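One structure is given below, represented as structure tokens, and several questions about it will come after.
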Protein chains: 2
Amino acid sequence: MVMLGADGLGGLPLTPGGKTELETAKTPNLDALAARGIQGASIPVLPGIAPGSGPGHLGLFGYDPLKYVIGRGALEATGIGFQLQPGDVAIRGNYCTLDSNGNISDRRAGRIASDESAPLAVKLRDVKIPGIEVFVEPVKEHRFVVVLRGPGLEGNVKDTDPQKTGVSPLKAEAVDAGSQKTADVANEFIAQATKILAGQPKANGLTLRGFASRPNLPTYEEVYGLKAAAIAVYPMYKGLASLVGMTLVGKAQTLGEQVDLLKQHWNDYDFFFLHFKYTDSTGEDGNFNEKVKKIEELDAVLPRISELNPTVLIVTGDHSTPSYLKSHSWHPVPTLLVSDCCRTDGHKTFGENTSIQGGLGQFKAKYLMSLALANAGRLGKYGA
Amino acid sequence: MVMLGADGLGGLPLTPGGKTELETAKTPNLDALAARGIQGASIPVLPGIAPGSGPGHLGLFGYDPLKYVIGRGALEATGIGFQLQPGDVAIRGNYCTLDSNGNISDRRAGRIASDESAPLAVKLRDVKIPGIEVFVEPVKEHRFVVVLRGPGLEGNVKDTDPQKTGVSPLKAEAVDAGSQKTADVANEFIAQATKILAGQPKANGLTLRGFASRPNLPTYEEVYGLKAAAIAVYPMYKGLASLVGMTLVGKAQTLGEQVDLLKQHWNDYDFFFLHFKYTDSTGEDGNFNEKVKKIEELDAVLPRISELNPTVLIVTGDHSTPSYLKSHSWHPVPTLLVSDCCRTDGHKTFGENTSIQGGLGQFKAKYLMSLALANAGRLGKYGA
């Protein structure tokens, strides 16, 4: 099985009644697949709800994004490619500027530049807390990530950011007894880190936010009995795939390299998730024509995937990113499934309007994996 | 945002394969909106379920009608335009005829005429109960409404109507401890009221049914952050809108006056609900041609709404009322949503069959408000 996740695939026309990016793109290979496949419109979460990348991918992976929630800190760590382990607590950190009284004068340390802030994260690795491994990773500008690893850590701890200036950062405070140790460790981290940062012109203080345990997601092996691999370029999607137990394969930098890896590892896994970022980023940029081009690039690699003769091939996305809106949106995502038993719906092209009329109708993203497994002959009967 | 609720909008053809009322009506303005909008078929509650006005409108307003229930008494009070306050208990009353032994000889007081029964409700206002405000309002024929207002009243009290003749009315009996005070107050009301009615030729007794607290519905302001107004003609719909915190605007008697009010108050609210009754009442009458005419009247005012340039314009109904069935029905309701980012679905007309093929597909009514908010750019992303 191959699931090709074209991030933000769905779009909008620039003028009502016009064509979307996908409908504008010349996609002979998608069209050929449409002719022998079945299409539908995937609702990422619920009608009207635009998801972030976390819930968007959870849905595609078959996990109800309303039931499984990836906490802010865990998503942030995942987003920079940090491989969270069960029991880890991840925290989003912000550098701030403290005045001589220890009160916050700038909550974002003057939006310090990344090349100034990155070395600070390295310095903060000098924090030592007995029995706890502390990881500090730079993010952009005033942001960093802290991951605490050790026994007995839970993630229910309040933010230390008071959300205003003129007051000192708050102490980390546990919301429940199980998180007391995390709060204590966080306060020790803050104390040592504040000493390390003392004397910095802008970033002489810090706040911690979005404490979150690694989400407890059952793995693809456990849920589906699948040996699954993810072939992605960007850390966020590698991270999301690893949260559901997919093996991260290779270090591809281009779609072509991703398909190379797919071929190389074809016999090693039951399921491959390939992530294609640029349908989203061009949409976010509001660049209709560029998004069209990226869809055409995607189309161009399809024959190389098809020639592997996957039992089930799915082309979809985690949400729509219409260049008209320059953002993730709620619009259902055109989704195409090809197998020998998919019940072809007769469409000869693949796009937003055909998907609405497709044989899969409109369906919640979380059901796509069941459809994939069924088409692969990997689901037994329900009941006798 | 404007939501135009054409009550009972959906219909049926008189002969299989024929056209419905909406498909028969000449609706150039709806057709023009369809060409730049997206349509779908709204399922009021669940497939096969015909809702009453209460659950029908709760769904349209975005409240799951299976979760939020308006008790019979509360709906009855709302239906006559009584503005229930939190903590009120509303009760449906029936006049009955008692024989010389105090047993019921007619459960509906010989279906006493409204002009005979209405003065009785005024007499019953003489009931005085310390610490409790008692409101008595006439309804049609043998029916009236009692509202009890005061501290500590809950609505879990059994009906006093024994559902048969030859026995005396029951005592009001609390189902739980929290409703004991209500039962006591109701029994005191019954005692005093029975004295007041003594000597009436038909209506010399009464029964109480459908005890119900005002439903505890979060408001539009709380749920959606919307300042919302309702422009309705009939008390029931004003009442339903006020239960979700909409402001009732003006005293329109016609659709034209409703649109006048919309224009006058255009800058005062974020969201307007306009209710049009006559698509339902003509359906209930089984008058196909008249329902067609009412739909054409509705169509005729649309340009005056469109020229206000609403960010989102929705035309829908709370349920279908096919004149063929002369009643509310379960059939999905044609629903049209127009915005600049709605993803137009290419239909050029608006009707039952196009709505089934529309870009919104078939959806539960409770999701319509999320779609409205999304199209208005008023919903943030879910997750990061």
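Bear in mind that the values in this text are calculations on the coordinates, not laboratory data. Small disclaimer: the values here were computed from a predicted structure and weren't measured. When we count neighbours, we look across all protein chains shown, and the Cβ atoms used for this are built from the backbone with ideal geometry, even at glycine.
How big is the dipole moment of the stretch B:19-77 about its Cα centre under a simple scheme where the beta carbon of each Lys and Arg is +1, that of each Asp and Glu is -1, and everything else is neutral? Debye, nearest 20, please. Show your work: numbers first, answer last.
Numbers: 5 positive and 5 negative charges, 11 e Å.
About 60 debye.
One decimal, nm, shortest first: give the distances between the label point of A:D115 and those of the same position in the other copies, each label point 7 Å from Cα along Cα→Cβ.
9.3
If you don't mind, another one. Taking H as built 1.01 Å from N, whose amide H comes closer than 5 Å to the amide H of B:K381, not counting residues under 5 places away?
none
Rounded to the nearest 500, what is chain A's calculated 222 nm mean residue ellipticity when only DSSP H runs of at least 4 contribute -39500 (n - 2.57) each, over all residues? Don't skip to the end; give the middle numbers.
Details: 13 runs with 121 residues, N = 384.
Mean residue ellipticity, 222 nm, calculated: -9000 deg cm²/dmol.
Give the order of B:R111, A:R107 when sorted by the count of other beta carbons within 10 angstrom, beginning with the fewest. Write down the numbers at each step before the final one.
Values: B:R111 13, A:R107 19.
Going from least to most buried by this count: B:R111, A:R107.
A further question on this structure: Beyond a 32 Å Cα-Cα separation, which of these cross-linked pairs lie in this structure: B:K123/B:K326; A:K293/B:K348; A:K293/A:K366; A:K67/A:K171; A:K381/B:K326? Present the calculation step by step, with values, prior to reporting the outcome.
Numbers: B:K123/B:K326 37 Å; A:K293/B:K348 30 Å; A:K293/A:K366 29 Å; A:K67/A:K171 30 Å; A:K381/B:K326 43 Å.
Pairs exceeding 32 Å: B:K123/B:K326; A:K381/B:K326.
Next question, about the same structure. Mind checking which aspartates and glutamates have their Cα closer than 18 Å to the Cα of A:K364? Skip sequence neighbours fewer than 8 apart in that chain.
Those aspartates and glutamates meeting the cut-off are A:D7, A:D64, A:D318, A:E352.
In degrees between 0 and 90, to the nearest 10, how far off the longest principal axis of chain A does helix A:114-124 point, with axes built from Cα atoms?
Around 60 degrees separate the two axes.
Counting only other chains, and only Cβ atoms inside 10 Å, what mean value do you get across the residues of B:35-44? Intermediate values should be presented prior to the final figure.
Numbers: counts 2, 3, 1, 3, 0, 3, 0, 0, 0, 0.
Going residue by residue through B:35-44 and averaging, the value is 1.
Using the beta-carbon distance between B:T194 and B:T219 and R0 = 45 Å, what value does 1/(1 + (r/R0)^6) give for FRET efficiency, to the nearest 0.05? Don't skip to the answer; put the middle values down first.
Working: r = 39 Å, r/R0 = 0.87.
Working from the Cβ atoms, E equals 0.70.
Give the average, rounded to an integer, of partner chain Cβ atoms located within 10 angstrom of each Cβ in A:14-23.
Values: counts 0, 3, 11, 6, 1, 0, 1, 0, 0, 0.
Shielding by partners across A:14-23 averages 2.
Looking at chain A as a GNM with Cα springs under 10 Å, which of A:P55, A:P303, A:P201 has the largest mean-square fluctuation?
In the Gaussian network model the winner is A:P201.
Based on Cβ point charges of +1 for Lys and Arg and -1 for Asp and Glu, what charge dipole magnitude is obtained for the stretch B:252-338 about its Cα centre, in debye rounded to the nearest 20?
On the way: 7 positive and 13 negative charges, 37 e Å.
Dipole of the stretch B:252-338, to the nearest 20 debye: 180 debye.
Taking the highest mean first, how do the peptides B:363-375, B:276-288 order by number of other beta carbon atoms within 10 angstrom per residue? Numbers along the way, then the final one.
On the way: B:363-375: 23.4, B:276-288: 20.8.
So the order, starting with the most tightly packed, is B:363-375, B:276-288.
On a 25 Å Cα-Cα criterion, which of the cross-link pairs B:K251/B:K277; A:K128/A:K181; A:K19/B:K19 come out too long? Please list the in-between numbers first.
Numbers: B:K251/B:K277 15 Å; A:K128/A:K181 15 Å; A:K19/B:K19 31 Å.
Distance filter (> 25 Å) returns A:K19/B:K19.
Another question, then. Calculate the mean, over all residues of peptide B:340-348, of how many other protein chain Cβ atoms lie within 10 angstrom of the residue's Cβ.
On the way: counts 5, 9, 3, 17, 8, 5, 4, 0, 1.
The per-residue average across the peptide is 6.
Convert each backbone phi in the stretch B:340-353 into a coupling constant with the Karplus relation 6.51 cos²θ - 1.76 cosθ + 1.60 (shift: θ = phi - 60°), then list the ³J(HN,Hα) values in order as whole Hz, x for Gly and Pro.
Residue by residue, the stretch B:340-353 yields 6, 10, 7, 6, 3, 9, x, 6, 10, 9, 10, x, 4, 6 Hz.
How far apart, in nm, are two points set 7 Å out from the Cα along the Cα-to-Cβ line at B:N267 and at B:S105?
Distance between label points: 6.7 nm.
In addition: So for the stretch B:309-384, averaging the separation of alpha carbon pairs under 8 Å that are six or more residues apart and normalising by length, what relative contact order in percent results?
On the way: 72 pairs, mean separation 21.6, N = 76.
Value for the stretch B:309-384: 28 percent.
Taking K and R as +1 and D and E as -1, what net charge do the other residues with C-beta under 10 Å from the C-beta of A:M1 add up to?
Values: positive: A:R378; negative: A:D270.
Once all neighbours under 10 Å are counted, the net charge is 0.
Taking neighbour counts of Cβ atoms within 10 Å as a proxy for exposure, in what order, fewest first, do B:H265, A:H328 appear? It would help to have the intermediate numbers written out before the result.
Working: B:H265 15, A:H328 25.
Listed from fewest to most nearby Cβ atoms, that is B:H265, A:H328.
In what order do B:D7, B:D318, A:D299 fall by count of nearby beta-carbon atoms within 10 Å, going from fewest to most?
On the way: B:D7 26, B:D318 32, A:D299 21.
Least to most surrounded, the residues fall as A:D299, B:D7, B:D318.
Under a 5 Å amide H to amide H cut-off, with H placed in plane at 1.01 Å, what residues pair with A:D106 once short-range neighbours are removed?
A:T97
I've got another one for you. Could you give the angle, 0 to 90 degrees to the nearest 10, between helix B:180-197's Cα long axis and the longest principal axis of the Cα atoms of chain B?
70
Another one. For label points placed 7 Å from Cα toward Cβ, what is the shortest-first list of nm distances from A:P201 to its copies?
Label-point separations across copies, in nm and ascending: 10.0.
Which one of A:L22, A:V185, A:A50 has its Cα pushed farthest toward the positive end of the charge dipole of chain A, where Lys and Arg give +1 and Asp and Glu give -1 at the Cβ?
A:V185
Report the gain in length on full extension from B:T311 to B:D340: 0.36 nm times residue separation, minus Cα-Cα distance, nm rounded to one decimal. List each step's numbers first, then the result.
Details: separation 29, 0.36 × 29 = 10.44 nm, distance 0.76 nm.
9.7 nm is the gain from fully extending B:T311 to B:D340.
Return the long-range amide H neighbours of A:K364 (sequence gap of 5 or more, or a different chain), with a cut-off of under 5 Å between placed amide H atoms.
For A:K364, the qualifying residues are A:I43.
Related question: Determine ³J(HN,Hα), in whole Hz, for all residues of the stretch A:149-154 in sequence, where each value follows from phi through the Karplus function 6.51 cos²θ - 1.76 cosθ + 1.60 and θ = phi - 60°; x replaces Gly and Pro.
10, x, x, x, 9, 10
Next up: Is there a quick way to get the dipole size of the protein assembly as shown? I mean about its Cα centre, with the Cβ of Lys and Arg at +1 and of Asp and Glu at -1; what is the value in debye to the nearest 20? Please list the in-between numbers first.
Details: 78 positive and 80 negative charges, 128 e Å.
Result for the protein assembly as shown is approximately 620 debye, rounded to the nearest 20.
Taking the Cα centre of chain A as the origin and placing charges on Cβ (Lys, Arg +1; Asp, Glu -1), which of A:G102, A:N375, A:V244 is farthest toward the positive end of the dipole?
Of the candidates, A:G102 comes out farthest on the positive side.
Here's a follow-up. What number, in percent, do you get for the relative contact order of chain A if the mean sequence gap of Cα pairs under 8 Å and at least 6 apart is divided by its residue count? Can you show the working numbers first?
On the way: 919 pairs, mean separation 127.0, N = 384.
Rounded, it is 33 percent for chain A.
Taking only Cα atoms, what is the 0 to 90° angle, nearest 10, from helix B:288-306's long axis to the longest principal axis of chain B?
For helix B:288-306, the angle is close to 60 degrees.
Once you have a ≥ b ≥ c as the square roots of the Cα gyration tensor eigenvalues for chain A, tell me rounded if a/c is under 1.5, and otherwise prolate or oblate according to whether a/b is larger than b/c.
On the way: a/c = 2.35, a/b = 1.84, b/c = 1.28.
Prolate is the answer for chain A, as a/c is 1.5 or above and a/b outweighs b/c.
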